[in-house]
Amino acid sequence: MFKGKARAYTNIALIKYWGKKNEELILPMNNSLSLTLDAFYTETEVIFSDSYMVDEFYLDGTLQDEKATKKVIQFLDLFRKEAGLSLKASVISQNFVPTAAGLASSASGLAALAGACNTALKLGLDDLSLSRFARRGSGSACRSIFGGFVEWEKGHDDLSSYAKPVPSDSFEDDLAMVFVLINDQKKEVSSRNGMRRTVETSNFYQGWLDSVEGDLYQLKQAIKTKDFQLLGETMERNGLKMHGTTLAAQPPFTYWSPDSLKAMDAVRQLRKKGIPCYFTMDAGPNVKVLVENSHLSEVQETFTKLFSKEQVITAHAGPGIAIIE
Ligand code: FM0
């Protein structure tokens, strides 16, 4: 019997990963850059044993169906191949999120599973290799191996596509990210399907590709010089462009709901009042607001009033993957 357990934190991209050039290997079209956060994480244990007849996957105490388990099985296969064994496994995963708000993240989940497999099978993979493996589960998971600011180098093949920490002289310790949780009835387009449809059909996708490198350069400059305004403006612009591409897809779609617009507008109003804060969004209606700790209370107050206390969650920079037990 081989056993391992790991914890990984979720991350939010300031420069987005949007589009793959290789679907099987999950090689992205562009580099991305994220901040790992302390408020949401996953703990995953894996046990490989000859007493299991099939792979099974428990998430938050519930045995998962075939579809959810299939992704996990394919991921386990990568590690079984690396270790040269064929034992079936049981995967027990727990998401730690402040509320049950649909924030369960594939990034933290697959990063934690990668770490657990590495320990269980005594593979001795270093963090860069672990990042490559996590990438095969879900692209954004490769960034959750590391804490703080993290860049995913798109690379050109399996070996060259991985994440690494961005030197920052602890700039991230000055920052907070406020999550505005927006309830939405709409059925979401998954990030996987959304980016595929965009790459294949959106006339705006080329515009995304043409400008993302410039955004990344500016964002790295902002980190280097600890320039919060440049950081925020670049993040907000990049996120808006990503969401712009979906409107020109065939068929078109958007992740924005009326309350997302309300939150974005509130961020703009706060700036007008002299409070520097900036927003970004991912493949769902939630809005994430980046702010310095010195202005955090004003942002929290605004969104608690506009929405509700339960809908506002504050995160700070978080650590990289940890092996537990
Ligand atoms: O995180 O198809 O990693 O950079 O969150 O599993 O590789 O779920 F919505 C924007 C994340 C996409 C941007 O995509 O896709 C980002 C996004 P997969 P992911």
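Return a yes/no flag: does the stretch 98-119 have any residue that is more than 16 Å from residue 12 (Cβ to Cβ) and modelled with pLDDT under 95. Yes, the stretch 98-119 contains a residue that is more than 16 Å from residue 12 (Cβ to Cβ) and modelled with pLDDT under 95.
Here residue 93 passes the criteria (1) hydroxyl-bearing (Ser, Thr, Tyr); (2) surrounded by fewer than 23 Cβ atoms within 10 Å (Cβ to Cβ); (3) closer than 24 Å to residue 52 by Cα except the one numbered (2). Meeting the requirement of 3 or more residues that are of a type in the set (A, V, I, L, M, F, W, C), the helices (runs of 4 or more DSSP H) wholly within the stretch 177-262 are 205-224, 228-247. In the stretch 1-27, what residues are assigned to a strand (DSSP E or B), within 16 Å of the ligand (Cβ to nearest atom), over 14 Å from the mean Cα position of the chain (by Cα) and within 19 Å of residue 78 (Cβ to Cβ)? Within the stretch 1-27, 20, 22, 27 meet the criteria.
Can you tell which of 110, 130, 181, 121 is within 13 Å of the ligand (Cβ to nearest atom), surrounded by 19 or more Cβ atoms within 10 Å (Cβ to Cβ) and not charged (D, E, K, R)? Going through 110, 130, 181, 121 in turn, the sole match is 110.
The set of residues from the stretch 202-236 being farther than 17 Å from residue 290 by Cα, of a type in the set (Ser, Thr, Tyr) and in contact (Cβ under 8 Å) with a residue 40 or more places away in the chain comprises 202, 205. Of the residues contained in the stretch 44-58, none is found to be closer than 23 Å to residue 121 by Cβ, buried (at least 24 other Cβ atoms within 10 Å of the Cβ) and within 16 Å of the ligand (Cβ to nearest atom). Across the stretch 156-178, what is the number of residues that are of a type in the set (Gly, Ala, Ser), more than 14 Å from the ligand (Cβ to nearest atom) and surrounded by 12 or more Cβ atoms within 10 Å (Cβ to Cβ)? So the answer is 2. The set of residues in the stretch 161-196 that are among the hydroxyl-bearing types (Ser, Thr, Tyr) and in contact with a strand residue (DSSP E or B) (Cβ under 7 Å, 6 or more places away or on another chain) comprises 161, 162, 168.
The values are calculated or read from the model by the stated rules, or taken from the named source; none is laboratory data. The shown structure was predicted, so the numbers you read here are calculated from the model rather than taken from an experiment. All Cβ positions, even for glycine, are placed from backbone atoms using ideal geometry, and neighbour counts span all protein chains on display.
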